[in-house]
Amino acid sequence: MQEKIKEQTHFSYHRELGGLEVVNAHYYHKNFSRHSHEGYAINVIDQGVQKFYRTGSEHFAPRHSIIFVNADEIHNGQSATDTGWSYHGMYPLESQFGKLAADLGLGDNFAPYFPNAVVSDPHLAGQMRQMFSQLADSDNSLLRETLLYGVMTQVMIKYGKRPVAIRDYRQDNSGLSRVRAFIHDHLSENISLESLALLAGNSPYHLVRQFQKKFGLPPHAYQIQQRLQQGKALLRRGMKVAAVASEVGFHDQSHFHRHFKKAMGFTPGYYAREVSGRK
């Protein structure tokens, strides 16, 4: 009988690369909840097959394929096989792609949209693995930056599209966008569904259904994901985990810990130590 491989995650934070977050993980039973990231998620599958939700449907990513999830896009992840899956991933911000696009003459404030959730590109997958290896092992800043921006350039030019202009939801007067803006503006508060339904001019039942259809999560789950994103930003500023949990509206530290690990794959304490450089 084949021995089950223990689940493991290694996260690293590269301040000198614009705050780039990198993950190297092997999961066997892990089942990520639906969540989003402030930046993009770009992963190369090393072993196994990952099953995940993105853009309203399920996708499968076999070994050597590359996964694209756009910034703030709702997604999840789990193994599609009995032997789990492993991957290397990075989470560049829209601002990092924007700077690169300006350098390439593609226009200012250009952040690409990746329409394909999964692509098969063995050559680019190999370059990504080389980059991840050097990010982990090399102290040569010039080499690390060269490999990163080389990969980001190829990713953007080959698979990125110019997104269709979308109105800022804060300037959008539709009911659902008013609800979304209200959640963002009152992130730490205990908001009632009745008050959101009144704001949207709809019944609570229809609000939940329509909000999930438009934004990928029901209002309460969307609020939790935004709290987690804000929590990560506060942890990067050096705030203690317990203080962050209270600041962003979680009942207590354990509640914050549970949701953070379910979405990110590691604990807020681990994240705080890595981004601060404390071991």
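Structure data summary
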item: Hull volume in cubic angstrom per residue (convex hull over the Cα atoms of the stretch 65-221); result: 171
item: Area of His257 that stays accessible when all protein chains are in place (1.4 Å probe, Å², to 10); result: 80
item: Tensor-based shape of the stretch 148-279 (alpha-carbon gyration tensor, a/c under 1.5 rounded, otherwise prolate or oblate); result: oblate
item: Overall form of the stretch 33-143 per C-alpha gyration tensor (a/c, 1.5; a/b vs b/c); result: oblate
item: Rounded, prolate or oblate (a/c below 1.5 giving rounded, otherwise prolate when a/b exceeds b/c) for the stretch 9-77 by Cα gyration tensor; result: oblate
item: Alpha-carbon Rg with Dmax, taken over the stretch 116-164, Å; result: 12.3, 40
item: Stretch gain in nm, segment His184-Leu142, where the contour uses 0.36 nm per residue and the Cα spacing is subtracted; result: 11.2 nm
item: Among Lys213, Lys261, Lys232: highest mean-square fluctuation, GNM of the chain, C-alpha pairs under 10 Å; result: Lys213
item: Most fluctuating residue given options Pro92, Pro115, Pro268, as computed from a GNM of the chain linking Cα atoms under 10 Å; result: Pro115
item: Whole-percent carbon and sulfur share, accessible surface of the stretch 56-123, 1.4 Å; result: 49
item: Exposure ranking of Arg237, Arg180 by accessible area [1.4 Å probe, largest first]; result: Arg237, Arg180
item: nm² value of the averaged projected area, convex hull over the Cα atoms of the chain; result: 16.0
item: Accessible-area composition of the stretch 179-272, carbon plus sulfur, in percent [1.4 Å probe]; result: 51
item: Residue-level accessible surface for Arg129, protein heavy atoms, 1.4 Å, Å²; result: 70
item: Equivalent-ellipsoid semi-axes of the stretch 88-151, from the Cα gyration tensor, Å, largest first; result: 21, 17, 10
item: Solvent-accessible heavy-atom area per residue, rounded to whole Å², over the chain at 1.4 Å; result: 51
item: Accessible-area ranking of Glu194, Glu58, Glu7, Glu274, largest first, probe 1.4 Å; result: Glu194, Glu58, Glu7, Glu274
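The values are calculated or read from the model by the stated rules, or taken from the named source; none is laboratory data. Computed from a predicted model, the values in this text were never measured in an experiment. Quick note on the areas: whole protein, heavy atoms, side chains included, nothing else; ligands and nucleic acids left out. Shrake-Rupley method; radii C 1.70, N 1.55, O 1.52, S 1.80 Å.
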